[in-house]
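What follows draws every value from the coordinates through simple rules; no lab data is involved. Bear in mind that the values here come from a model prediction, so they are computed numbers and not experimental data. Backbone-built Cβ (ideal geometry, glycine too); neighbour counts: all protein chains shown.
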There are 2 protein chains.
Amino acid sequence: MTDQSPLRTGGRAARRAARAAPLAQHLRPVRPGMSGGTYNPLSQADVERIHHAALQALEEIGLADAPPSGVAYLTGAGAIQGSDGRIRFPRALVEDTLAKANRSVTLCARDPRHDLDLSGSRVHYGTAGAAVHMVDVEGRNYRECGVQDLHDAARICDVLDNIHFVQRPMVCRDIPDNFEMDLNTIYAVCSGTTKHVGTSFTDPAYVSKAFEMLHMMAGGEDKWRERPFVSNSNCFVVPPMKFATESCMVMEAVIKGGMPVLLLSAGMAGATAPSTVAGAIVQAVAECLAGLVYVHAVKPGHPAIFGTWPFGLDLRSGAMTGGSGEQALLTAGCAQMHRFYDLPGGAAAGIADSKLPDMQAGWEQMCSNVMAGLSGLNMVYEAAGMHASLLGFCHESLILGDDLIGQALRCVRGIEVNDETLALDQMRQVCIGGPGHYLGTEATLSRMEVDHVYPRLGDRTSPKEWAEKDKPDLIAKAVARKQEILGQRAAARFDPNTDQKLRQAFNIHLPA
Amino acid sequence: MTDQSPLRTGGRAARRAARAAPLAQHLRPVRPGMSGGTYNPLSQADVERIHHAALQALEEIGLADAPPSGVAYLTGAGAIQGSDGRIRFPRALVEDTLAKANRSVTLCARDPRHDLDLSGSRVHYGTAGAAVHMVDVEGRNYRECGVQDLHDAARICDVLDNIHFVQRPMVCRDIPDNFEMDLNTIYAVCSGTTKHVGTSFTDPAYVSKAFEMLHMMAGGEDKWRERPFVSNSNCFVVPPMKFATESCMVMEAVIKGGMPVLLLSAGMAGATAPSTVAGAIVQAVAECLAGLVYVHAVKPGHPAIFGTWPFGLDLRSGAMTGGSGEQALLTAGCAQMHRFYDLPGGAAAGIADSKLPDMQAGWEQMCSNVMAGLSGLNMVYEAAGMHASLLGFCHESLILGDDLIGQALRCVRGIEVNDETLALDQMRQVCIGGPGHYLGTEATLSRMEVDHVYPRLGDRTSPKEWAEKDKPDLIAKAVARKQEILGQRAAARFDPNTDQKLRQAFNIHLPA
């Protein structure tokens, strides 16, 4: 029995109950699409120099190897094919395209609650890549990855709050036929998550069958076109400054089918792009501007993501390094160019060079992820699970990435400054005749859930508590969480009727 | 036999030889004191609101518990003691102090090559703290730390390029007498490193003996005063808004002895400071402004570091969290206030909540370290080795922190934009009739050492190479490196004559 008023006790109990329930989306401390942009690696003058260098590259160097259809589209729009076969882009053509281009793109998800609004400096994190290995953390081993691994990755992403989209992060190495691989990739990811999905196609000839599958999943072509929940990650260039002929034909086909396009320029700084950060950004911007002109020549206003993805290189070995500071700068610099153009953009961050989810992986993944978010990158691709400079994907690392990205998002959210947060009145009350501390004040308690991100697997115990809990191992906790997630029924599965139709129409490798 | 010209071959051999030698300091890709400031978590209007709220807090709330000597100094300078005993600061007094304060401070090192120039947004990383445990990574254990551990930490810091100063990171728990602990702390750190050292004093009565020791180390009081190589980390406030009476008396004593002062306000957001990021910054700024007035009242122009160190709190448990996104924002916001005032400043970053150097530790340490650097923080304290929210220090983590901070510094260095880095000419040469790639071009090779930071222990091998190398473990590599460093003769040791004198005058616990 206490002498507290029933009202006060009731209020406290109600608050406690409210705290135990999951927070409503709008009250959560971090959400998809928070606005970044407080970090500007480039000055305004530097941004403009990069822009003008890219325009000059397009005008004077141009791009080789467009397919005949692309040559027709591009020259029809005002580009000029030289006697060397290269397509060159007059400055005015590029500037006109920039003026007309979409300032925002909505990437739909099967579940509309997961739709992504790509505009301004709104930040979203998700997977991507083409890893060929699964990282087996318990065996410290790399093995070939397959369709079940991909499906499991999608299922894990589906329940992680801070993974906002699922571009396929790995290749189904157990499906040797490319056509079957491309279609099973879509099925494996879409049946694992209701978030937006990204995928790629090996051959333009496969696209029409993929649309058949997507129409079936959507419940008809009209429904698909209304809310296309899969985008095409399209490597339309082979840097430096050459169109990827086949991929361009894929691009034309997906545009006609109503699928948003990620215009992906993946130069390697020092190999297929200049070794300098600024030079690699210039080339990536030039290539994506060419892609943007191309998209608009095929279909004005088609949703496209400006995908400047320059990668870092370890110049001693000539091998890629995605975990470096140079990589973080490449990506953040690109994000600033996207904001300059006010175009929906994406780039790669969160890649670890480390083979395992160890301390190195943690610092590598955070460095580029937090810098990408602070620079206001709309789509942070490769943000979780990626190891060995994109060669390996790791489910446990993906799960830990949810904590890591939650923290990065807290940084993106930034510092709110208003009369309440400045807290001068509170300071006065606490210091002058008050308790002399802020613990348990209403102002502190009322914000403890909405202001603070608490890690799910990250450990904050004291050394004493930690020892009492038998010194829990981070990786073991991630393994347990993986088993818990995969032990549940997949919420994203298609209804049995649709699934049966899909399995009748296509050779689905995943067991029903 | 090749048909290459001898000139060309000779040039290549010369380049190769040059690459094998360590780079001259001015050519290194990262250095102490690179300028940050590209990240601005606060708008200009927000910065000014924080400034005005701090002035209001000083004018209306003021600080309690100044020692009598401090009351005399402060009221002599124009502050007003109220009937409640609190010292309040008229706005004009604070503004006058800000106008007169040093815009830069040089922190000297026993080896002048390690001097630190604290000005503008120049960034330096180093250790700090008062950990009470050593983290034994091989035994996964926390044990009490002692003077040998502290000395070893200093020796390790001495050889790590990216640790720029050594504030004592842990307490000598094996020296129960506080006087002996304080003096042995100075000896243990200074005999381990020639970099700038920071330390603290438990009692004002110990300061004069410490100066005797420092004069002996310097070779006389005049030499010490000319180049004071130790600064005093001084917790002059007990937040919220109370002077720490004893520490203020320490401060007065060290000022008279010519020792630079770190004015350290270490509020805990949600306990001893408001829970909001903005509110905790307001209070820390107000407290440090009070400290600045105090320093200038004792001795105008004395070198002081504006040490706003608000810490994050996990409001669920009431325990500190230094590894959170909130912590990274607290520190970066403070750095922006330092730049607003154009005062040499410091704050805490790089703290891990994790008990061990695992993936969590990696992401926690990088998050706040890179954001501190990008925000242009002059002194990033606690930047390496700190675990369990400051309770544990880890030698292996310190060693790995050198790689981590090297990467953060690369990000601080940022993106150079000029005709050479924009690389338009190179792009033209490569694409039009050139090799179609940038590998091995002169432009690429000439910059491979000066542009790129290569990790020392971080692993960038392919999965195949990694397996061939027997899957090296990051922590095992750090353990081996520690043994290698500690197996060498300590370069920072005093000459035998000085050391003998020190050992005669003081009860030195470290074996000779």
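Here r is the Cβ-Cβ distance between B:Thr202 and B:Ala24 and R0 is 25 Å; the resulting FRET efficiency, rounded to 0.05, is 0.05.
Against chain B, whose longest principal axis comes from its Cα atoms, helix B:6-20 is set at around 30 degrees. Taking GluC sites (Glu not before Pro) as exposed when DSSP calls them loop and at most 13 other C-beta atoms lie within 10 angstrom, chain B has its longest site-free stretch at B:139-415. The label point for B:Ser69 and the one for A:Arg456, both projected 7 Å from the Cα toward the Cβ, are 5.6 nm apart.
Please give the Cα centre distance for segment B:170-200 versus segment A:72-112, rounded to the nearest Å. Between the Cα centre of segment B:170-200 and that of segment A:72-112, the gap is 65 Å. The H on the amide N of A:Ala319, modeled in the peptide plane, is under 5 Å from the matching H of A:Asp314, each at least 5 residues off or on a different chain. Excluding residues on the same chain fewer than 8 positions from A:Lys256, give the aspartates and glutamates whose Cα lies under 19 Å from its Cα. Candidates past the 8-residue exclusion: A:Asp182, A:Asp203, A:Glu212, A:Glu221, A:Asp222, A:Glu226, A:Glu246. With each label modelled as a point 7 angstrom along the Cα→C-beta vector, the A:Asp419-A:Leu445 pair spans 2.4 nm.
Among the trypsin sites (Lys or Arg not before Pro) found in segment B:243-348, those both in a DSSP coil and sparsely packed, with 13 or fewer other Cβ atoms within 10 Å of their Cβ, are B:Arg316.
Computed on the Cα atoms alone, the convex hull of segment A:98-413 gives a volume of 114 cubic angstrom per residue. In units of the rule-of-thumb radius 2.2 N^0.38 Å, segment A:266-328 shows an alpha carbon radius of gyration of 1.29. Out of every Cα pair in the protein assembly as shown, what percent are spaced more than 50 Å from each other? Roughly 24 percent, once rounded to a whole number. Note on A:Glu468 and A:Asn141: the extension gain reaches 114.6 nm, defined as 0.36 nm multiplied by sequence separation minus the Cα-Cα distance. Using the rule -39500 (n - 2.57) for each DSSP H run of four or more residues, divided by the residues of chain A, the 222 nm mean residue ellipticity is -14000 deg cm²/dmol. For chain B, the longest principal axis of the C-alpha atoms and the axis of helix B:277-298 are separated by about 70°.
The local environment of A:Asp115, defined by Cβ-Cβ distances under 14 Å, has a net charge of +3 under the rule Lys, Arg +1 and Asp, Glu -1. With respect to chain A, whose longest principal axis is taken over its alpha-carbon atoms, helix A:245-256 is tilted by about 70°. Each of A:Phe506, A:Phe165, A:Phe211 was scored by other Cβ atoms within 10 Å of its Cβ. Listed from fewest to most, they are A:Phe506, A:Phe211, A:Phe165.
For the cross-link pairs B:Lys223/B:Lys482; A:Lys355/B:Lys195; A:Lys471/B:Lys477; A:Lys209/A:Lys299; A:Lys464/B:Lys471, the ones whose C-alpha atoms lie over 27 Å apart are B:Lys223/B:Lys482; A:Lys355/B:Lys195; A:Lys464/B:Lys471. Projecting 7 Å from Cα along the Cα-to-Cβ direction, the label point of A:Gln500 sits 9.8 nm from its equivalents in the other copies, listed shortest first. Shown for B:His164, B:His133, A:His114: other C-beta atoms within 10 Å of each C-beta, ranked fewest to most, produce the order A:His114, B:His133, B:His164. Positive contributions from Lys and Arg (+1) and negative ones from Asp and Glu (-1), summed over other residues with Cβ under 14 Å from the Cβ of A:Ser208, come out at -3. Counted over segment B:98-413, the DSSP beta bridges are approximately 30% antiparallel. Each Lys or Arg adds one and each Asp or Glu subtracts one; over the other residues with Cβ under 11 Å from the Cβ of B:Gly406, this totals +2. Across chain B, C-alpha contacts under 8 Å between residues 6 or more apart give a mean separation that, scaled by the residue count, equals a relative contact order of 19 percent. With the simple spin-label model, which puts each label point 7 Å out from Cα in the Cβ direction, the B:Asp342 to B:Glu95 separation comes to 1.6 nm.
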